[in-house]
Amino acid sequence: MTSTREYQKEMKSVLIRNGHIIDPANNVDEVGDVLIIDGKIAKVGGNLAEDVGNVIDATDLTVTPGLIDMHVHLREPGFEHKETIATGTAAAAAGGFTSVVCMANTSPVTDSPEKIKHIYDIANRNSEQQASSTANVFPVGSITQNLAGEELTDVRGMLSAGAVGISDDGVTVMNSALMHEALKLSAELGFPVMVHCEEHNLNAGAVMNLGETSRKLNLVGSPNAAEDIIVARDIMLAELTGGHVHILHVSTAGAVDLVRWGKQREINVTAEACPHHWILTDTEVEKQGTNAKMHPPLRTQKDIDAVLEGLRDGTIDAIATDHAPHTPTEKALGMEDAPNGIIGLETCVPLVLTYVVDEGHLTLKDAIAKLTCIPAEIVGIDRGTLSIGAVADVTLIDTQKTAKVDVEKSCSKSRNTPFAGWQLKGWPVMTIREGNRG
Ligand code: DOR
């Protein structure tokens with residue numbers, strides 16, 4: 001009988017045959033085979049006649065480095081009724097992601113080296129039990145203690161414990177002097193300060209974008225300026241310090257312009273955008289209520305056009321989901337009281353392929369770069385490539401598959417998506433993580 005250990009070793013050697021290999025980091029875009037030996041990429045390209053036992057026929061499939069979502073909320077510890085690390089990483093794997101970067105707004109807040117280690121411990125325990133259906137977890141520590149915006153965390157300690165960046169995502173650090181300190185540390189130690197940009201005084205009480213729809217629905221709206229002011233401030237602080245600022249979930253035309261301006265001045269700024277911010281406008285709130293409520297909010301067509309232009313010209317480096325699970329009961333509280341956010345891990349790939357690649361905004365290769373090597377570089381992790389010797393994280397995508405979003409089949413614990421029932425084209429069909437087939 002094969003022991004579990006032998007079985008795992010056997011599974012770690014796989015030949016992926018005859019796929020369309022896209023590895024933007026190495027400028028590979030060709031049909032061929034990928035050989036994985038002992039969980040590492042051994043050969044890429046050509047017709048490899050290796051006898052490894054496990055052969056995956058990838059004919060008509062696209063083979064990419066394992067996708068990376070650099071912005072998710074896994075909710076554990078503290079909010080396990082919304083999501084756990086196990087269910088969130090299962091949703092990641094189902095959505096084609098082999099790695100996720102998780103935010104610090106847990107309870108308690110991930111604001112110390114011990115809490116970073118705790119996240120790694122849970123993730124490692126899960127993946128020992130179920131290697132194939134999970135994703136690598138890379139935690140972010142908070143910028144300020146308890147997300148209170150008052151005192152910096154032990155950033156050095158958290159980085160030593162494996163934090164890949166710092167962020168108070170969900171809230172903005174309003175104190176510019178603290179942000180200055182955080183970015184000085186970033187310049188010294190080389191890590192991203194990932195910023196949620198909303199001026200809290202300006203968007204106090206806001207539950208959606210400020211505009212025609214908010215007026216019609218008599219809801220408090222947040223102006224674009226609330227986002228733009230903080231984006232401008234943090235880019236200027238990055239210039240002042242030389243630190244690396246990463247702008248989370250860009251939603252306004254002004255923010256895109258400001259990031260572009262920062263890059264032109266060679267300031268160390270990177271940015272990400274989420275599918276909902278380039279697909280849906282604030283009118284969606286009228287149709288979908290709280291499933292269209294998130295921070296920053298859905299904006300206007302003008303903003304969507306600017307975000308798409310930012311993706312096209314490279315101003316926006318990466319694509320992320322801001323996967324933000326909340327329960328149906330919480331989302332049923334109505335626009336004023338329901339929490340912000342939507343799930344995104346399982347809809348990201350088909351939304352990108354349908355609305356960005358098929359619409360001609362990005363080539364498939366450029367879209368994959370924004371989901372692999374670029375986020376890997378931003379957070380400094382050794383993933384996102386099919387380089388020889390790299391950890392064998394691989395995603396297989398059927399770019400021709402058309403299917404409806406079936407939210408009832410989601411691996412997430414939550415169901416809060418505005419994309420339920422949408423017919424989309426281009427779906428992930430398999431992930432391989434460290435050589436383990438999902
Ligand atoms: O809509 C959001 N939800 N935006 C955030 O930045 C945080 C997130 C959450 O944690 O639910």
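Bear in mind these aren't lab numbers, they're just calculated from the coordinates by the rules spelled out. Computed from a predicted structure; not experimentally measured. All Cβ positions, glycine included, derive from the backbone under ideal geometry; neighbour counts span all protein chains shown.
Quick notes on this structure:
- For the stretch 356-438, a Kirkwood radius taken over Cα pairs fed into Stokes-Einstein (10 °C, viscosity 1.306 mPa s) yields D = 107 µm²/s.
- Divide the volume of the convex hull around the Cα atoms of the stretch 70-175 by the residue count and you get 86 Å³ per residue.
- Straight Cα distances below 21 angstrom link K302 to the lysines K216, K287, K293, with same-chain residues fewer than 8 positions distant left out.
- In a fully extended conformation the segment linking D313 and N218 would gain 30.5 nm over its present Cα-Cα distance, using 0.36 nm per residue.
- The protection proxy used here, the mean number of other Cβ atoms lying within 10 Å of each residue, ranks peptides 399-408, 363-372 as follows, highest first: 363-372, 399-408.
- For V379, V63, V52, order by how many other beta-carbon atoms lie within 10 Å, fewest first: V52, V379, V63
- The distance separating the Cα centre of the stretch 316-360 from that of the stretch 155-211 comes to 21 Å.
- Close lysine pairs were tallied over the stretch 40-176: pairs 8 or more places apart or on different chains with Cα atoms under 30 Å apart number 4.
- Distant-in-sequence amide contacts of M208, defined by a placed amide H-H separation under 5 Å and a gap of 5 or more residues or a different chain, comprise S222.
- Charging the Cβ of each Asp and Glu at -1 and of each Lys and Arg at +1, and nothing else, the dipole of the chain about its Cα centre rounds to 580 debye.
- In percent, rounded to a whole number, the relative contact order of the chain is 20, using alpha-carbon pairs under 8 Å and six or more apart.
- Beta bridges per DSSP, both residues in the chain: antiparallel share near 50 percent.
- Integer Hz, Karplus 6.51/-1.76/1.60 couplings in order for the stretch 402-418, x for Gly and Pro: 10, 7, 8, 5, 10, 5, 5, 8, 4, 7, 5, 6, 10, 10, 7, 9, x
- Couplings 3J(HN,Hα) for the stretch 99-104, derived from phi with the Karplus relation 6.51 cos²θ - 1.76 cosθ + 1.60 (θ = phi - 60°), are 9, 10, 9, 10, 7, 8 Hz, where x marks Gly and Pro.
- With the gyration tensor restricted to C-alpha atoms of the stretch 333-387, the semi-axes of the equivalent ellipsoid amount to 28, 18, 8 Å, longest first.
- Long-range Cα-Cα pairs in the stretch 134-246 (distance over 16 Å), rounded percent: 61
- For the peptides 69-75, 298-304, 332-338, 410-416, the ranking by packing is 69-75, 410-416, 298-304, 332-338, with the highest mean count of neighbouring Cβ atoms within 10 Å listed first.
- Helical contribution to [θ] at 222 nm, DSSP H n ≥ 4, -39,500 (n - 2.57), averaged over the chain, rounded to 500: -9000 deg cm²/dmol
- Dimensions of the stretch 173-235 based on its C-alpha atoms, expressed as ranges along the principal axes with the largest first, amount to 49, 16, 15 Å.
- Mean projection of the Cα convex hull over all viewing directions, computed for the stretch 224-275: 3.1 nm².
- Coarse-grained scattering of the stretch 1-141 at q = 0.20, 0.21 Å⁻¹, given as base-10 log I(q)/I(0) from a Debye sum over alpha-carbon atoms: -1.13, -1.18
- Note, ³J(HN,Hα) from phi for the stretch 311-319, Karplus 6.51, -1.76, 1.60, rounded to Hz, x at Gly and Pro: 5, 5, 8, x, 4, 9, 6, 10, 10
- E286-K425 FRET efficiency (beta carbon distance; Förster radius 22 Å; 0.05 resolution): 0.25
- Quick note on the stretch 123-196: its Rg to Rh ratio, both from C-alpha atoms and Rh being the Kirkwood radius, is 1.08.
- Global size of the chain: 20.8, 69 Å for Rg and Dmax (C-alpha atoms, Rg to one decimal, Dmax whole).
- Rounded, prolate or oblate (a/c below 1.5 giving rounded, otherwise prolate when a/b exceeds b/c) for the stretch 282-438 by Cα gyration tensor: prolate
- Taking amide H as placed 1.01 Å from N in the peptide plane, K43 has its amide H under 5 Å from the amide H of L35, each at least 5 places away in sequence or on another chain.
- Each listed q (0.09, 0.19 Å⁻¹) maps to a log10 I(q)/I(0) for the stretch 170-316 from the Debye sum over equal C-alpha point scatterers, namely -0.27, -1.06.
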